[in-house]
Amino acid sequence: MTTREAYDFLNSVRRTEIAILKLQLQHDELQSCLLPKAITYDGDKVQTTPEDRMSEIAAQVADMEKQIAALKRRKAKLIIEINAAIAKLDSDVEQMILLGFYVGRLPAVRVAELIHYSIPGLYKAKRRAVAHLAEKVDEV
């Protein structure tokens with residue numbers, strides 16, 4: 001595995017979270033369309049064949065809920081895979097750095113505090129950790 005592929009692998013959780021968030025926003029907005037509306041008397045009094053838009057919207061909402069649940073299961077699976085890959089690293093510091101950044105989603109300042117590194121030292125160690133992770137995954 002190349003270093004680029006290792007970064008892509010580690011960032012797969014964030015990409016999945018973004019997909020979940022986008023679907024959740026769409027779901028919430030569609031669901032708000034299902035709320036009842038008030039009767040208005042200022043429109044035309046022409047009879048038309050009623051369209052059942054509510055059932056169409058409800059079906060889309062149900063489909064989105066299934067997609068969101070599937071993405072959440074995928075996210076959990078990815079976290080387990082990433083944890084297993086990171087556990088193969090020899091250095092506890094490298095494990096802490098990668099877990100902090102990619103699983104815990106902690107800011108760099110917080111990760112640096114946890115391992116008692118400076119910010120530039122943290123980023124150097126992070127690059128090394130990703131390179132070592134790429135090597136370890138290739139060995140398996």
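Nothing in this text is a laboratory measurement; each read-out follows from the coordinates by a stated rule. Every value quoted in this text rests on a predicted model; they were computed, and no experiment measured them. Because the Cβ atoms are built from the backbone with ideal geometry, glycine has one as well, and the counts that use them run over all protein chains shown.
Working out 0.36 nm times the residue gap between R105 and E65, then minus their Cα-Cα distance, what length gain in nm do you get to one decimal?
Taking R105 through E65 to full extension adds about 11.9 nm, to one decimal.
Could you point to the residue in A62, I20, T3 farthest towards the positive end of the chain's charge dipole, with +1 and -1 charges on the Cβ of Lys/Arg and Asp/Glu respectively?
T3
Hey, which of these cross-link pairs are over 22 Å Cα-Cα: K77/K124; K72/K124; K22/K124; K22/K136; K88/K126; K72/K126?
K77/K124; K72/K124; K22/K124; K22/K136; K72/K126, as the Cα separations exceed 22 Å there.
Dipole size in debye (nearest 20) for the stretch 3-139 around its Cα centre, Lys and Arg Cβ +1, Asp and Glu Cβ -1?
Value, rounded to 20: 440 debye.
Find how much the distance from A131 to A76 grows on full extension, using 0.36 nm per residue of separation minus their present alpha carbon separation; answer in nm with one decimal.
Full extension from A131 to A76 adds 17.4 nm.
For the stretch 64-107 and the stretch 116-131, write down the distance between their C-alpha centroids in whole Å.
A separation of 18 Å, based on Cα centres.
If you bin every alpha carbon distance in the stretch 52-99 into 10 Å steps from zero, what whole percent lands in each bin?
Taking all Cα pairs of the stretch 52-99, the binned fractions are 24, 26, 19, 15, 11, 4, 0 percent.
For all pairs of alpha-carbon atoms in the stretch 46-125, what percent lies in each bin of width 5 Å, listed from the first bin to the last filled one?
So the P(r) values, bin by bin, are 3, 13, 15, 13, 10, 8, 8, 6, 6, 5, 4, 3, 2, 2, 1, 0.
How high is the relative contact order of the stretch 3-139? Use alpha-carbon pairs under 8 Å, at least six apart in sequence, and give a whole percent.
Answer for the stretch 3-139 is 32 percent.
At 24 angstrom or more along the helix axis (alpha-carbon based) and mean Kyte-Doolittle of -0.5 or higher, what helices does the chain contain? Whole DSSP H runs only.
Result, helices passing both filters: 53-87, 119-139.
Would you please state which residues of the stretch 81-106 a label at I119 would reach in this model, taking the label point 7 Å out along Cα→Cβ and a backbone N cut-off of under 16 Å?
What the label zone holds, given the 16 Å backbone N cut-off, is 106.
Where Lys and Arg each count +1 and Asp and Glu each count -1, what net charge lies around Q26 among other residues with Cβ under 12 Å from its Cβ?
-3
Please report, in whole Å³, the volume per residue of the convex hull around the C-alpha atoms of the chain.
Looking at the chain, the number lands at 164 Å³ per residue.
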